[in-house]
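The values are calculated or read from the model by the stated rules, or taken from the named source; none is laboratory data. Fair warning: this is a prediction, and the values are worked out from it, not measured in the lab. With ideal geometry, Cβ positions are generated from the backbone for all residues, glycine too; neighbour counts draw on all protein chains shown. Remember, those area values only see protein heavy atoms, side chains included, never the ligands or the DNA or RNA. Shrake-Rupley method; radii C 1.70, N 1.55, O 1.52, S 1.80 Å.
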Amino acid sequence: AGELEGSVELIEGDLTVGPDARIRANVRARAIVVHGRVDGNLYGIKHVDLKKSAIFVGDIRTPRITIEEGASLTGSVLVQKDIPTLQTKKANDTAAPK
């Protein structure tokens, strides 16, 4: 069981979130496999795999995704052929009217 907060960047590596792990972070990695809970955005350069025990809250961008029956997903998924590997700056968000 482990917990992580912040951000994770593994451009050349893979990340597996174990069944008892909790992550509150934005994650960018070559391949991401989630068994536990993740609150944040996932950028899978090659693919993202949500296993049946996964609880995910956030947005996913990846060229390939697998979601097993039983996985929980709250957010959006963008399946895009080429995910930029060195995208370090986010476009300026426009302020929402209040």
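Okay, here's what the table says:
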quantity: Check on L73, crowded, with 16+ Cβ neighbours inside 10 Å, assigned to a strand (DSSP E or B) and not β-branched (V, I, T); calculated: yes
quantity: Qualifying residue in segment 51-58 (condition: part of a loop (DSSP other than H, G, I, E, B) and open to solvent by 80 Å² or more (accessible area, probe 1.4 Å)); calculated: yes
quantity: Tally of residues being under 24 Å from K81 (Cβ atoms) and open to solvent by less than 70 Å² (accessible area, probe 1.4 Å) across segment 1-10; calculated: 2
quantity: Residue identified as of a type outside the set (A, V, I, L, M, F, W, C) and under 15 Å from R64 (Cα atoms) among R37, R24, R30; calculated: R30
quantity: Segment 11-50, subset of a type in the set (V, I, T) and buried (at least 20 other Cβ atoms within 10 Å of the Cβ), residue farthest from K81 (Cα to Cα); calculated: I23
